[in-house]
Amino acid sequence: EAGVTQSPRYAVLQEGQAVSFWCDPISGHDTLYWYQQPRDQGPQLLVYFRDEAVIDNSQLPSDRFSAVRPKGTNSTLKIQSAKQGDTATYLCASSSGTANSDYTFGSGTRLLVI
Amino acid sequence: TQTVSQSDAHVTVFEGDSVELRCNYSYGGSIYLSWYIQHHGRGLQFLLKYYSGNPVVQGVNGFEAEFSKSDSSFHLRKASVHWSDSAVYFCAVRDPGTQVVGQLTFGSGTRLQVYA
């Protein structure tokens, strides 16, 4: 079974530039999560979906971040105008959405904003 | 709101030693607790979880964890560590959510350094 695939692996931006991250979850997993992990910290939820619907985006900085999952499969997370404080690893995870299901994480995208 | 506390930021041991990484949680609902390992520059890899049943759960690579409701703990243990176990370990609790299975809330992590 293929795992969760993320791209790109790395991104380096100047402040003010835009960037998009892409995630392909495990086939059949209806729930998809985006986490932000600053250096030397635990992952923090940004947004999660069930199918194409946003379930919780309360931690997503809506003025510059957006996330979509239009067909309930792949997802894109976009930063419109990056800031140095956005420097972090962005992790995507998926699960089957059942009570005992596991969460499978991708390898992440490491973003550096200079 | 659930919280997860990992009291030890760094743990250093030698190969062959036993180790316990501590995790305490604050949540009164249905329990789902898990541990993940993160090697440098990599994503999170699942080690084990507790959802119900036997409070001692076995995971990959010889790791096990014990759920204690009375202590609000879910400590991770390994009887004999290898240098390749050096990594950051995260404890996580799941918020069951209101409609669907919710997100994981992570602790701050414990960096385990194993010397050969």
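The values are calculated or read from the model by the stated rules, or taken from the named source; none is laboratory data. No experiment lies behind these values; they were computed from the predicted model shown. Here the Cβ is made from the backbone with ideal geometry for all residues, glycine too, and neighbour counts use every protein chain on show. What goes into the accessible areas is simple: the full protein's heavy atoms, side chains included, and nothing from ligands, DNA or RNA. Shrake-Rupley method; radii C 1.70, N 1.55, O 1.52, S 1.80 Å.
In region B:68-91, what count of residues is obtained for those that are modelled with pLDDT under 95 and surrounded by 19 or more Cβ atoms within 10 Å (Cβ to Cβ)?
0
Is there a residue in region B:103-113 that is open to solvent by less than 30 Å² (accessible area, probe 1.4 Å), over 12 Å from the mean Cα position of the chain (by Cα) and within 11 Å of chain A (Cβ to nearest Cβ)?
The answer is yes, given that some residue of region B:103-113 is open to solvent by less than 30 Å² (accessible area, probe 1.4 Å), over 12 Å from the mean Cα position of the chain (by Cα) and within 11 Å of chain A (Cβ to nearest Cβ).
From the set of residues in region A:70-114 that are assigned to a loop (DSSP other than H, G, I, E, B) and surrounded by 21 or more Cβ atoms within 10 Å (Cβ to Cβ), which is farthest from the other protein chains (Cβ to nearest Cβ)?
Top of the filtered list is A:Ala82.
Exactly one of (1) polar (S, T, N, Q); (2) under 17 Å from B:His39 (Cβ atoms); (3) assigned to a loop (DSSP other than H, G, I, E, B) is unmet by B:Ser70. Its number?
With (1) polar (S, T, N, Q); (2) under 17 Å from B:His39 (Cβ atoms); (3) assigned to a loop (DSSP other than H, G, I, E, B) applied to B:Ser70, the lone miss is (2).
Quick one: B:Gly53 ticks every box in (1) on the phi > 0 side of the Ramachandran plot; (2) open to solvent by less than 20 Å² (accessible area, probe 1.4 Å); (3) at pLDDT below 95 except a single one, so which number is it?
Single failed check for B:Gly53: (2).
Could you count how many residues in region A:4-55 are open to solvent by 40 Å² or more (accessible area, probe 1.4 Å) and either at negative phi or among the charged types (D, E, K, R) (or both)?
Total meeting the criteria: 24.
Please work out which one of (1) more than 11 Å from chain A (Cβ to nearest Cβ); (2) closer than 23 Å to A:Tyr48 by Cβ is the condition B:Arg42 fails and give its number.
(1)
Can you pull out the strands (runs of 3 or more DSSP E) entirely within region B:5-59 that have at least 2 residues that are touching a residue at least 12 places away in the same chain (Cβ under 8 Å), under 15 Å from B:Leu76 (Cα atoms) and not basic (Lys, Arg)?
Where strands (runs of 3 or more DSSP E) fall fully within region B:5-59 and carry at least 2 residues being touching a residue at least 12 places away in the same chain (Cβ under 8 Å), under 15 Å from B:Leu76 (Cα atoms) and not basic (Lys, Arg), they are B:10-14, B:19-21, B:24-26, B:33-38, B:45-50.
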